[in-house]
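The values are calculated or read from the model by the stated rules, or taken from the named source; none is laboratory data. These figures come from a predicted structure and were not determined experimentally. Cβ sites come from the backbone with ideal geometry, for glycine too, and all protein chains shown count toward neighbours. The accessibility values were calculated without ligands, DNA or RNA, using every heavy atom of the protein model including side chains. Shrake-Rupley method; radii C 1.70, N 1.55, O 1.52, S 1.80 Å.
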Amino acid sequence: MKRLDSFQTKNEAIAYIQENVYGCAQRDLAERYLREKLPKESYYQDKIINFLKKEYPQGTVWKEAAGPYSKQGIPDVTFILDGRYYGFEVKRPFLGVLSRIQEQTINKLREAGAVAEVVTFPEEVKRIVEGNR
């Protein structure tokens, strides 16, 4: 079975599930299967953090804490390299949607000169970092 996050679009993933997973021929069942079987957001966050630590050991990276005393909307992963702030809001492929506060915070960070982006995979992060060095 192919990795569900290897497809280019949600429709491609749904079509694959409908054709290859027993009991998921109907679209709603295929969508439920996709939601249940895709790794959680924390899986993608960990992959990105580990990538940044390995690829840019001179930088510093951390996962932002979430809780009642933390600022809402701050991107999941903070990375600082050569004095530049990068905020990466990590979303699951096909399913992740920005909240209004996340969108507003990303825009405020950009206005302040930071690099703030929505990502899923380490390859996206690498393109962003390399494009801003």
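Between Gln18, Gln45, Gln26, the residue with the greatest mean-square fluctuation in the GNM of the chain (Cα pairs under 10 Å linked by springs) is Gln26.
What length, rounded to one decimal in nm, is gained on full extension from Arg35 through to Ala66, with 0.36 nm per residue of separation minus their alpha-carbon distance? Intermediate results must be reported in sequence, preceding the final value.
Details: separation 31, 0.36 × 31 = 11.16 nm, distance 2.27 nm.
Length gained, Arg35 through Ala66: 8.9 nm.
Legend: residues Val97, Val115, sorted from most to least accessible area (1.4 Å probe; ligands, DNA and RNA excluded), read Val97, Val115. Under a Gaussian network description of the chain, with springs only between Cα atoms under 10 Å, the residue in Lys91, Lys71, Lys53 that fluctuates furthest is Lys71. Shape class of region 40-90 from the Cα gyration tensor (axes a ≥ b ≥ c, square roots of the eigenvalues): oblate, since a/c reaches 1.5 or more and a/b does not exceed b/c.
Starting from the residue with the highest accessible area, list Thr120, Thr60 in decreasing order, probe 1.4 Å. Display every interim value, and only then the final one.
Details: Thr120 20, Thr60 65 Å².
The most accessible residue leads, giving Thr60, Thr120.
How large a share of the accessible area of the chain, in percent, is made up of carbon and sulfur atoms when the probe is 1.4 Å and the other protein chains stay in place?
Numbers: 3980 of 8230 Å².
That share works out to 48 percent.
The sum of -39500 (n - 2.57) across all DSSP H runs of n ≥ 4, divided by the residue count of the chain, sets its helix-only mean residue ellipticity at 222 nm to -13500 deg cm²/dmol. Amide H contacts for Ala116 (H built 1.01 Å from N in the peptide plane; partners 5 or more residues away or on another chain; cut-off under 5 Å): Gly87.
Each label point was placed 7 Å from the Cα along the Cα-to-Cβ direction; for Glu111 and Lys126 their separation is 3.5 nm. For the chain, the calculated P(r), taken from all Cα-Cα distances in 10 Å bins from zero up to the bin holding the longest distance, is 12, 38, 29, 17, 5, 0 percent.
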